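**Q** After the structure tokens below, expect a handful of questions from me.
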Amino acid sequence: MIFYGDDSPIAALATPPGQGALAVIRTSGKNAIELLADHFSAPQKLKAAAGNTVVYGWMLGKNRVRLDEALVSVYRAPKSYTGEDGADISCHGGYAVVQAALETLHEAGFRDALPGEFTFRAFMNGKLDLTRAESVMEIVSAKTGKAHAGAVRRLSGDLESEIRAIKEKLVRVLAGVELFLDYSEDEFMEVGADERSGMLPERELAREVLADLRELAASFRIEKLYQEGALVVIAGRPNAGKSSLFNRLVKEDRALVAESPGTTRDWLEAWIAVEGIPVRLADTAGIWDSSDAVEKAGIKRGIELIKYADVVLYIVDATVGLAGEDAQFLCSGDIEGKPLIMVWNKSDAAPEMPELPADLPAGVERVSAKTGVGVLSLTARIAEALAGRNAGAERGDRIGVASARQKALIDRAVEQVADALNMADKGETLDIIAPSLREAVDCLGEITGEVSTADILEVMFGSFCVGK
Ligand SMILES: Nc1nc2c(ncn2[C@@H]2O[C@H](COP(=O)(O)OP(=O)(O)OP(=O)(O)O)[C@@H](O)[C@H]2O)c(=O)[nH]1
Ligand SMILES: [Mg+2]
């Protein structure tokens, strides 16, 4: 079994497998450049190459058979992504070419890189802290400009500096406590018992730290929304124009649209961006009391999906008006507690909107999927509904927390600092309070990776893609 943490030469395809103009195979580790040179048409040139230079030549297979023309970018320790010697091989992007090049590298002594192993080495060699290492994956998976911008700021170290600043404050609180505990017994006894109990030097600073940490923890909801996105489900009676609206929002003729009701059976989905939020939009089968077994199954699946929705768009056909089934659905338990937007569709064909019952649980957006009128206002409303679920999580200019690992550690630190303050309020002595503060400091250290265990690192980097 191979573990992270050695410096053996590793190689992996860093670009997606498949046909493309180019593929990049990444290598790093001990003697990486020398090993590669043995399977390269210009070995001396490669061995002598300075860091951050590019060497042209051919990758060679068994019996020095030419495999492909390549440009090799040479990196020398410590000035490389991993902090080790390494080279990126740019060759042509094809299955067979890449396969042959990787086989050659195996023969040369490289092993396959584990997921995230390049970034793991970068972390171990002090090239980046854990918040920045995590942001590398965020950049790779960002679906919208806003998600990407947040990840770039974390990669630039904005979150790292913020965590370090909070930690510094907390260390000042702890240092005050430790200093007091370090007093010799005699000196300590000079302070009266009343003064000793509940005495927490820098109590105000501790409160400030608690507020900072709580704000950071709350930011996770909104960052998660931008990173992972939300599910928006389109529901409604057959023929209401759900698929037409879906196509309009996706800006593509994805779903079948027909005059006859019961056109959509299996639900289908597509990713769209709604004011920077990645949204997985789903079109479902029209809900009604169907006797057709297949249609029934489709309706059931659609209703199941609504359970996972962050926002439901309920489409009503304006040319029909609010039917009994609509009112029944809108007031049913299926959507209880979910943000719901009622969409009065086909407004082009039925310009008048009747007075609607006051007890409907949703506001109404008038749109025409056919002409596009009202769709902009609808998307603004969707963004509002999604952000509304995360009210109070925005931090203005300041960057938030994007990984569940970081969030869990901040929650633990919040708990410990809150405990310490409570104990101080209750008049506990400093020796009782100190362990909570120490644990909180460790939690913050774990976020950036100053404090880390091999297990945590393996789990974290194991979720990366290979070649990263
Ligand atoms: N005039 C007008 N017709 C529309 C509009 N939206 C949809 N339609 C028409 O309504 C019919 C049904 O549209 P679909 O989008 O297939 O409706 P659906 O809700 O997906 O229907 P099912 O999949 O059967 O549940 C089609 O003939 C569309 O052209 C609209 O905004 N205005
Ligand atoms: Mg449909």
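The values are calculated or read from the model by the stated rules, or taken from the named source; none is laboratory data. Model, not experiment: these values are computed from the prediction. Cβ placement follows ideal geometry from the backbone for every residue including glycine, while neighbour counts extend to all protein chains displayed. These area figures cover heavy atoms from the full protein model, side chains too; ligands, DNA and RNA do not enter into them. Shrake-Rupley method; radii C 1.70, N 1.55, O 1.52, S 1.80 Å.
**Q** Enumerate the amide H contacts of residue 265 below 5 Å, restricted to partners 5 or more residues apart or on another chain; note that Pro and chain-start residues carry no placed amide H.
**A** none
**Q** Between the DSSP loop rule and a limit of at most 13 other Cβ atoms within 10 Å, which trypsin sites (Lys or Arg not before Pro) in the range 280-326 are left? Show your work: numbers first, answer last.
**A** Numbers: sites: 280, 296, 300, 301, 307; in loops: 307.
The qualifying sites are 307.
**Q** Let me know the shape class of the range 398-450, please: from the alpha-carbon gyration tensor, a ≥ b ≥ c as square roots of the eigenvalues, rounded when a/c is under 1.5, otherwise prolate if a/b is greater than b/c, or oblate. Before the final figure, lay out each step's value.
**A** Values: a/c = 3.47, a/b = 2.15, b/c = 1.61.
Judged from the Cα gyration tensor, the range 398-450 comes out prolate (a/c at least 1.5, a/b above b/c).
**Q** Then there is this: What is the set of long-range amide H partners of residue 373 at a cut-off below 5 Å, with H atoms built 1.01 Å from backbone N?
**A** Residues meeting the amide H criterion: 368.
**Q** Right, next: With N residues in the range 10-128, what two-decimal value do you get for its Cα radius of gyration over 2.2 N^0.38 Å? Display every interim value, and only then the final one.
**A** Values: Rg = 13.2 Å, N = 119, 2.2 N^0.38 = 13.5 Å.
This ratio for the range 10-128 stands at 0.98.
**Q** Let me ask another. Can you sort 39, 148 by 1.4 Å-probe accessible area, starting with the largest? If you can, show how the numbers build up before the last one.
**A** Values: 39 30, 148 85 Å².
Descending accessible area places them as 148, 39.
**Q** Could you state the number of Å between the C-alpha centres of the range 202-255 and the range 24-71?
**A** About 46 Å separates the Cα centre of the range 24-71 from the one of the range 202-255.
**Q** If you keep only loop residues by DSSP, which GluC sites (Glu not before Pro) in the range 240-289 have at most 14 other Cβ atoms within 10 Å of their Cβ?
**A** Here the GluC sites (Glu not before Pro) that fit, given the DSSP loop and packing criteria, are 252, 259, 275.
**Q** Given 451, 165, 258, which one lies farthest toward the positive end of the charge dipole of the chain, if we put +1 on the Cβ of every Lys and Arg and -1 on the Cβ of every Asp and Glu?
**A** Ranked along the dipole, the leading option is 258.
**Q** Something else now. Classify the chain as rounded, prolate or oblate from the Cα gyration tensor: take a ≥ b ≥ c as the square roots of its eigenvalues, call it rounded if a/c is under 1.5, otherwise prolate when a/b beats b/c and oblate if not. Walk me through the intermediate numbers first.
**A** Numbers: a/c = 3.04, a/b = 1.16, b/c = 2.62.
Oblate is the answer for the chain, as a/c is 1.5 or above yet b/c matches or exceeds a/b.
**Q** Between rounded, prolate and oblate, where does the range 253-381 land on the alpha carbon gyration tensor, with a ≥ b ≥ c its root eigenvalues, rounded for a/c under 1.5, else prolate if a/b exceeds b/c? List each step's numbers first, then the result.
**A** Details: a/c = 1.22, a/b = 1.10, b/c = 1.11.
It is rounded, given that a/c, with a ≥ b ≥ c, falls under 1.5.
**Q** Using Cα centres only, tell me the gap between the range 77-115 and the range 116-151 in whole Å.
**A** 20 Å
**Q** In what sequence, highest mean first, do 74-80, 41-47 appear when ranked by Cβ atoms within 10 angstrom? Spell out each step's value before the answer.
**A** Details: 74-80: 17.9, 41-47: 15.7.
In descending order of packing, they fall as 74-80, 41-47.
**Q** Under the Karplus relation 6.51 cos²θ - 1.76 cosθ + 1.60, θ = phi - 60°, what is the ordered set of whole-Hz ³J(HN,Hα) values for the range 310-323, x standing for Gly and Pro?
**A** 3J(HN,Hα) across the range 310-323, in whole Hz: 8, 9, 10, 9, 9, 9, 10, 7, 5, 6, 9, x, 6, 8.
**Q** Scan around residue 28 for amide H atoms under 5 Å from its own, H built in the peptide plane at 1.01 Å from N, and keep only partners 5 or more places away or cross-chain.
**A** 10, 87
**Q** While we're here: At most 13 other Cβ atoms within 10 Å and a DSSP loop assignment: could you name the trypsin sites (Lys or Arg not before Pro) in the range 193-263 that fit? All intermediate terms of the calculation are to be shown ahead of the outcome.
**A** Numbers: sites: 196, 203, 207, 214, 221, 224, 242, 248, 251, 254; in loops: 251, 254.
Taking the range 193-263 and a limit of 13 other Cβ atoms within 10 Å, the loop trypsin sites (Lys or Arg not before Pro) found are 251.
**Q** Let me ask another. Can you run phi through the Karplus equation (6.51, -1.76, 1.60; θ = phi - 60°) for the range 72-84 and list ³J(HN,Hα) in whole Hz, with x for Gly and Pro?
**A** With the stated coefficients, the range 72-84 comes to 10, 8, 9, 10, 10, 4, x, 8, 8, 4, 7, x, 10 Hz.
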